[in-house]
């Protein structure tokens, strides 16, 4: 099976001359460690105010008081050479003070000092990422519940800057605080994180994408419930973007999650990105418990390709001599990363990739055709795609072109269709346009996803962020920017000659429906 390794840090006892002591950062780390233990992680290294010493693989004993010297010594010794491999996960959790100084993000050990023009004994987030990537794991996950002071964790949040091969989930935006809540006896972010990781069935947050979506909704809700203002909204950075489909918690994965990773694996293999395709299929295989023959066949061929093996079609393969065929089977001999404990010889079966133009499933509850919308988006015809979006959406609620939407139709909008439309916009805009992008901006502006009008101040800020206001008025359709120079979330607007659906009393209902549908 894939290995899971984790470094968990939680600090309460800061020097009060430098930072306000915290109440629940240590407990946050301990609860995360307990979750990882229940999930059968292979190794968990924990640094808190009173954690026991660690014995390193080389026999060295390292104190775990989370001071700068102890942490640096550990990072240098443990990451001296790779100890994980393809398919493995390297997790890092930090609860404590963080600070952004001179455009650089720091995590503050117990003895750090950030007064004046210098940060003394601070851990640069970029350097932590670099240490973790030396582990050899192809999946590095940073969970940063940083920035707390006087009931919050600092004055500015950590900016989850995209770094190759790293998934970073930060507890709040760079301008926000990360709150601790007396009633929960935890940080809001960590509470929601642990909650999300234990959901099962249709509500499970097994993938990076669904985990991020859940946190962006749940954390502001908890802030509002416990009177913490302004609300914090987590930030997620994923590189490459395809890793948003990674299954982080295999035991909570749904069949749909496995199918989506298979789908992405076929697409990546077809496009020639064999390394990432291998990661996709490997993780899908972990979630499928090694029981999916299509995944095993795909892994076999991908690894043959990566070793420089020829690609053989079923027809040509059947005409080869038995000697050549036997050689092909030998080339396919491999151990699937521990999913199959012993080495097995697999017969050569070429990967059956989906057609490149259909790399988003065009699914519909209402039997609506989405090929035209896909083709328009793929060609970058944003205006026509926007108008086509209106057409397919009005069909999805059982009306004909030229009709108007009623607000009460959106809470029951078919989920499969809503997610298909959103995924198409997300893919072909490279994550810049789409309903879920708009919903994220809406929440970041302080809106609560309850389907109700959020108030003039929040709505205006949202419209400014989405560039739906020009000067002092909502943009007319002639003012909509139908190219990628527009701001994030600017499209779709679905206006045309018929309907400007993204009105203040329509969009909240759509945003709520998107959440209900798991998007």
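Where residues in region 64-81 are out of contact with any strand residue (DSSP E or B) (no Cβ under 6 Å at 6 or more places or on another chain) and not in a helix (DSSP H, G or I), which of them is farthest from residue 113 (Cα to Cα)?
Among those that are out of contact with any strand residue (DSSP E or B) (no Cβ under 6 Å at 6 or more places or on another chain) and not in a helix (DSSP H, G or I), it is 81.
State all residues of region 182-200 that are more than 15 Å from residue 31 (Cα to Cα) and more than 19 Å from the chain's Cα centre (by Cα); if no residue qualifies, say none.
So in region 182-200, the residues more than 15 Å from residue 31 (Cα to Cα) come out as 182-183, 199-200.
Those that are more than 15 Å from residue 31 (Cα to Cα) and more than 19 Å from the chain's Cα centre (by Cα): 182, 183.
Could you grab me the full set of residues in region 37-63 that are touching a helix residue (DSSP H, G or I) at 6+ places or on another chain (Cβ under 9 Å) and not in a loop (DSSP other than H, G, I, E, B)?
Result: 44, 45, 46, 47, 54, 62.
If you go through region 1-22, how many residues are touching a strand residue (DSSP E or B) at 6+ places or on another chain (Cβ under 6 Å) and over 20 Å from residue 115 (Cβ atoms)?
Start the filter on region 1-22 by keeping residues that are touching a strand residue (DSSP E or B) at 6+ places or on another chain (Cβ under 6 Å), which leaves 4-11, 18, 20, 22.
Checking which are over 20 Å from residue 115 (Cβ atoms) leaves us with 4-10.
Residues meeting the conditions: 7.
Select from region 169-184 the residues that are in contact with a helix residue (DSSP H, G or I) (Cβ under 8 Å, 6 or more places away or on another chain) and surrounded by 24 or more Cβ atoms within 10 Å (Cβ to Cβ) and write down the one among them that is nearest to residue 211 (Cα to Cα). Let's see the steps before the verdict.
The first filter runs over region 169-184 and keeps only residues in contact with a helix residue (DSSP H, G or I) (Cβ under 8 Å, 6 or more places away or on another chain), leaving 169, 171-173, 178-181, 184.
Then keep just the ones that are surrounded by 24 or more Cβ atoms within 10 Å (Cβ to Cβ); that gives 171-172, 178-180.
Working: 171: 13, 172: 15, 178: 18, 179: 19, 180: 21 Å.
This residue is 171.
Could you please give the count of residues in region 459-480 that are surrounded by 14 or more Cβ atoms within 10 Å (Cβ to Cβ) and part of a loop (DSSP other than H, G, I, E, B)?
5
Go through region 268-304 and report how many residues are closer than 17 Å to residue 4 by Cβ and touching a helix residue (DSSP H, G or I) at 6+ places or on another chain (Cβ under 7 Å).
6
Report, by residue number, each residue of region 234-247 that is surrounded by 22 or more Cβ atoms within 10 Å (Cβ to Cβ) and in a loop (DSSP other than H, G, I, E, B).
Once the filter is applied, which keeps residues that are surrounded by 22 or more Cβ atoms within 10 Å (Cβ to Cβ) and in a loop (DSSP other than H, G, I, E, B), region 234-247 yields 234, 246.
Do we find that residue 410 is modelled with pLDDT of 90 or more and either on the phi < 0 side of the Ramachandran plot or assigned to a helix (DSSP H, G or I) (or both) in this structure? Outline the logic, then answer.
Values: modelled with pLDDT of 90 or more: no; either on the phi < 0 side of the Ramachandran plot or assigned to a helix (DSSP H, G or I) (or both): yes.
Judged against the criteria, residue 410 is not a match.
The values are calculated or read from the model by the stated rules, or taken from the named source; none is laboratory data. Since we're looking at a predicted model, the values are computed, not measured. When we count neighbours, we look across all protein chains shown, and the Cβ atoms used for this are built from the backbone with ideal geometry, even at glycine.
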